[in-house]
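**Student:** My questions will all concern the structure given below.
Throughout, read-outs are computed from the coordinates displayed, never taken from laboratory work. Predicted model only: the values in this text are computed from it and were never measured. Using ideal geometry, Cβ is built from the backbone for each residue, glycine included, and neighbour counts are taken over all protein chains shown.
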Amino acid sequence: MTRPDREALYRSMRRILTFEEAVRALWQEGRISGEMHLCRGEEALAAGVMAHHREGDAVSCDHRPHGQFVARGVPLVDVLAELLGDERGLCAGRGGHMHLFSRRHLIATTGIVGAPAPLGAGFALALKRLQPAAVAFAYGGDGAANQGLFLETLNLASVWRLPLLLVCKDNGWGVTTWSRDVTAGDQVTRARAFGLVAERVDGMDPIAVWHATERLLAHVRAGRGPALLHARCTRLDGHFLGDRMVRAARDLEEGAEMGRNVVENATARHGGRMRDRLRALARMGKSVVRLKRGLGKKNDPTLQPAGTLGLSDDARGRIDAAVDAEVRAAVAAVAKEAA
Amino acid sequence: MTRRIFEDAIDAAIADAMASDERVVLFGLDVPMLRAGLYARFGEGRVLGAPISEGAYLTAAVGAAMAGLRPVVEIMMVDFMGVALDALLNHAAKLEGFTHGRWRCPLVVRTACGAGYGDGGQHGQTLWGLLAGIPGLTVVAPSTPDDAYGLMASALAHDGPVVLLEHKLLTKNWLEFVGSGGRAGLSFDVPADGHEGEVSGRPVPFGKAVVRRRGDDVTLVSLGVGVHRALAAAELLAAEGISAEVLDLRSVLPLDEGAVLASVRRTGRLLVVDEDYRRFGLSGELAAVVAEHGVAARFARVCTDDTIPFARHLEAAALPSVARVVTEVRRLVDARAPAKRSATAPSAVETAH
């Protein structure tokens with residue numbers, strides 16, 4: 001049985017983290033426009049799965065794609081330039097953060113929730129005919145798992161025995177909705193019902209993710225059909241940077257403003273039954289508490305014991321320094337381009 | 001009269017209808033948080049959060065409307081209608097035709113649309129032309145808070161399916177949600193008169209355009225944010241001695257052909273300012289209306305030609321802008337210029353003679 005390369009996993013997590021912190025700074029300065037969905041909280045999951053990517057495999061990403069792009073080895077400077085809308089970006093500044101594409105790396109992104117699954121099934125179909133040893137990875141969140149496109153793909157991929165690994169990144173939330181409130185059943189049972197091989201794993205632990213992915217890919221690469229990996233992870237920045245719910249949970253003043261509007265309406269005349277109103281208030285309160293609980297260091301996979309991968313401080317320091325230098329160089333190159 | 005921001009005017013119309021009619025329910029993805037006020041006031045049961053299952057919940061809304069409810073359904077952005085279009089195309093829109101009007105479907109779809117904040121081509125489309133191409137739907141896109149209230153009020157009173165598109169540059173919360181995200185220092189070209197204004201609380205009838213500015217030399221027909229661009233252009237053109245009339249369609253379907261024809265008969269020139277795609281849409285439809293009625297007019301259009309690019313300077317160049325409108329009007333009124341197709345790219349912007 002093969003073993004994970006701990007240093008490589010650590011380096012991969014670290015590259016994703018450092019890259020995204022650079023993106024955060026650029027976004028905060030207003031140099032990146034629009035929505036910005038960082039994958040802070042998915043580093044261990046992204047590194048553990050993508051460690052199994054082989055040349056020729058395809059990757060289909062959702063609106064939170066940076067972890068996969070960085071782990072895939074797409075040049076950081078190309079991605080950064082794209083995020084800045086620079087002509088020299090990966091897509092000449094036309095695509096942007098939710099529409100990153102690298103044909104050379106066979107990795108694509110869509111901002112339409114659920115769509116990475118059938119796109120990935122299509123990648124798998126093409127690979128099955130054109131490159132029989134290769135597989136497709138398709139990512140989505142727990143929110144996407146309720147999309148018809150996704151559920152139909154479970155069936156389609158199964159009956160066509162496609163070489164597809166579906167990865168469900170379960171951070172508990174679909175935008176501002178607590179997923180369990182709107183989800184019947186669970187992802188693993190659903191997938192098994194369609195004949196997929198499926199595993200549940202702690203997405204905060206890169207080694208566990210690595211082993212689970214290895215087991216599932218053994219099945220997929222052998223041509224025995226698709227598989228699903230369900231990995232619990234976290235969402236440290238809310239749905240996107242500047243998420244108003246996160247700001248309200250952190251900032252009393254902002255929270256108070258939202259609270260006032262809610263209280264005014266909850267007590268307005270000509271409304272619903274008092275019992276229904278109280279239920280709504282309770283659910284909103286619960287959402288804020290859950291959201292708050294999901295933030296902070298204890299939910300950061302890069303700060304967990306598993307995230308150190310048992311490496312010595314020295315080994316980690318060496319890798320950190322190399323990664324910092326790599327990302328700094330990419331930012332410097334892009335800053336120059338944009339200037 | 002109450003002073004309101006655009007989306008609050010829409011919420012107020014929904015609240016008024018919900019308070020007076022138990023059959024009105026509101027649901028969609030994230031609705032409990034996006035419409036926290038309505039959720040708190042009407043509570044669970046009347047306001048429902050949905051999973052990201054637009055195809056199922058929009059088609060369920062059609063069924064619910066057929067069976068006696070009056071649902072208001074949110075599709076977060078009109079771009080996402082792609083995964084749910086069947087509900088409108090093959091069900092909501094066709095019921096009245098299939099039953100010879102014996103069964104109708106009182107459904108309101110509320111959806112955000114429009115670009116101008118740098119979010120890329122899957123989150124900035126308007127698509128009202130695509131939707132209005134489906135007989136049986138009513139499609140409206142207000143440009144002011146007063147019309148936002150009035151059109152939503154009419155939608156709620158209507159017995160057929162209505163899509164109301166709210167432009168993200170007009171809605172403070174959407175722009176904050178997906179544009180600024182609490183950052184300072186970003187600029188968005190927000191039309192002040194569209195973003196906030198007096199709301200009369202009167203319904204606005206479907207298929208009734210309104211003249212926003214009187215003029216004699218050229219008719220600018222638009223809707224949504226485009227109306228504000230056209231008005232700004234008309235102001236600049238006035239300084240050059242060109243008198244532009246600005247007609248706000250408000251409804252795409254039904255289309256107020258009479259108002260367009262009356263104005264174009266007078267001015268002899270029609271410029272359509274349409275943020276939706278140029279080909280096979282509203283702008284071409286307006287040209288057809290004029291031609292079908294034998295009105296001789298010079299015609300041009302300022303639209304979105306292609307997939308909206310992410311980079312903000314490219315996006316700004318791709319969308320209908322005041323500069324593009326001014327350039328096209330100058331061409332239209334310049335008798336010496338040969339009749340030509342509307343300039344498709346802003347690189348064609350040049351100084352008039």
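**Student:** Where nothing but the Cβ of Lys and Arg (+1) and of Asp and Glu (-1) is charged, how large is the charge dipole of the protein assembly as shown around its Cα centre, in debye to the nearest 20?
**Tutor:** Numbers: 83 positive and 81 negative charges, 255 e Å.
Here the protein assembly as shown has a charge dipole of around 1220 debye.
**Student:** To continue, here is another question. For the range B:283-338 and the range B:95-153, what is the centre-to-centre distance using only Cα atoms, to the nearest Å?
**Tutor:** Here the two parts' Cα centres lie 23 Å apart.
**Student:** Suppose R0 equals 60 Å; then what is the FRET efficiency for residue A:292 and residue B:266 from their Cβ-Cβ distance, rounded to the nearest 0.05? Walk me through the numbers before you get to the answer.
**Tutor:** Numbers: r = 61 Å, r/R0 = 1.02.
It comes to 0.45.
**Student:** Can you tell me how much longer the chain between residue A:324 and residue A:250 gets when fully stretched, taken as 0.36 nm per residue apart minus their C-alpha distance, in nm with one decimal? Before the final figure, lay out each step's value.
**Tutor:** Values: separation 74, 0.36 × 74 = 26.64 nm, distance 2.88 nm.
23.8 nm is the gain from fully extending residue A:324 to residue A:250.
**Student:** Just report the Cα centroid separation between the range B:51-75 and the range A:20-44, whole Å.
**Tutor:** 35
**Student:** Same structure again: With labels modelled as points extended 7 Å from the Cα through the Cβ direction, what inter-label distance (nm, one decimal) is found for residue B:288 paired with residue A:257?
**Tutor:** 4.6
**Student:** Calculate the spin-label point distance for residue B:22 paired with residue A:279, positioning each point 7 Å from the Cα along the beta-carbon direction, and give it in nanometres.
**Tutor:** Result: 1.5 nm between the two label points.
**Student:** Can you tell me, using C-alpha contacts under 8 Å and at least 6 residues apart, the relative contact order of the range B:2-199 as a whole percent?
**Tutor:** Details: 380 pairs, mean separation 51.8, N = 198.
Relative contact order for the range B:2-199 comes out at 26 percent.
**Student:** In addition: Which of B:327, B:201, A:270 sits farthest toward the positive end of the charge dipole of the protein assembly as shown, with +1 on the Cβ of Lys and Arg and -1 on the Cβ of Asp and Glu?
**Tutor:** Looking along the dipole axis, the top candidate is A:270.
**Student:** Evaluate E = 1/(1 + (r/R0)^6) for residue B:210 and residue A:5, where r is the Cβ-Cβ distance and R0 equals 56 Å; express this FRET efficiency to the nearest 0.05. Walk me through the intermediate numbers first.
**Tutor:** Numbers: r = 67 Å, r/R0 = 1.20.
The pair residue B:210/residue A:5 has a calculated efficiency of 0.25.
**Student:** Further question on the same structure: Label chain A by shape, choosing from rounded, prolate and oblate, from the square roots a ≥ b ≥ c of the eigenvalues of the Cα gyration tensor; if a/c is under 1.5 it is rounded, and otherwise prolate applies when a/b is larger than b/c, oblate when it is not. Kindly include the intermediate steps, with their values, before the conclusion.
**Tutor:** Values: a/c = 1.63, a/b = 1.22, b/c = 1.34.
Judged from the Cα gyration tensor, chain A comes out oblate (a/c at least 1.5, b/c at or above a/b).
**Student:** Further, regarding this structure: Would the protein assembly as shown count as rounded, prolate or oblate if I go by the C-alpha gyration tensor, calling it rounded below 1.5 in a/c and otherwise prolate when a/b exceeds b/c, oblate otherwise? It would help to have the intermediate numbers written out before the result.
**Tutor:** Working: a/c = 1.82, a/b = 1.47, b/c = 1.24.
Prolate, because a/c is 1.5 or more and a/b exceeds b/c.
**Student:** Can you tell me the relative contact order of chain B? Whole percent, Cα pairs under 8 Å, sequence separation 6 or more. Before the final figure, lay out each step's value.
**Tutor:** Numbers: 771 pairs, mean separation 55.1, N = 353.
About 16 percent, as a whole number.
**Student:** State, as an integer percentage, the relative contact order of the range B:210-351 based on alpha-carbon contacts under 8 Å between residues 6 or more apart. Could you put the intermediate results ahead of the total?
**Tutor:** Details: 251 pairs, mean separation 34.9, N = 142.
Relative contact order comes out at 25 percent.
**Student:** Using a/c under 1.5 as the rounded threshold, could you call the range A:278-339 rounded, prolate or oblate? The axes a ≥ b ≥ c are square roots of the C-alpha gyration tensor eigenvalues, and prolate needs a/b larger than b/c, oblate otherwise.
**Tutor:** On the way: a/c = 7.48, a/b = 1.66, b/c = 4.50.
It is oblate, given that a/c is not under 1.5 and a/b is not larger than b/c.
**Student:** In debye, nearest 20: dipole of chain B around its Cα centre with unit charges on the Cβ of K, R (+) and D, E (-)? Intermediate results must be reported in sequence, preceding the final value.
**Tutor:** Working: 35 positive and 42 negative charges, 125 e Å.
With only Lys, Arg, Asp and Glu charged at Cβ, the dipole is about 600 debye.
**Student:** Does anyone have the angle between helix B:145-157 and the longest principal axis of chain B? Alpha-carbon axes, 0 to 90°, nearest 10?
**Tutor:** Long axis of B:145-157 versus the principal axis of chain B: about 50 degrees.
**Student:** Please list, or write none, the aspartates and glutamates whose alpha carbon is within less than 12 Å of the alpha carbon of residue A:292, excluding same-chain residues fewer than 8 places away.
**Tutor:** Here the aspartates and glutamates satisfying the reach criterion relative to residue A:292 are A:237, A:251.
**Student:** A further question on this structure: Report, ordered by chain and residue number, the aspartates and glutamates lying within cross-link reach of residue B:208, taken as a straight Cα distance under 15 Å and ignoring same-chain residues fewer than 8 apart.
**Tutor:** The reachable aspartates and glutamates, counting only those whose Cα sits under 15 Å from residue B:208, are B:146, B:147, B:248, B:256, B:257.
**Student:** Distance between the C-alpha centers of the range B:188-215 and the range A:192-241? Whole Å please.
**Tutor:** Going from one Cα centre to the other spans 51 Å.
**Student:** So, with +1 on the Cβ of K and R and -1 on the Cβ of D and E, and no other charges, what is the size of the charge dipole of the range B:210-351 about its Cα centre, to the nearest 20 debye?
**Tutor:** On the way: 19 positive and 19 negative charges, 58 e Å.
Using only the charged Cβ atoms, the result is roughly 280 debye.
**Student:** For the range B:210-351, with the dipole built from +1 on Lys and Arg beta-carbon atoms and -1 on Asp and Glu ones, taken about the Cα centre, which of B:288, B:219, B:267 lies farthest toward the positive end?
**Tutor:** Of the listed residues, the answer is B:267.
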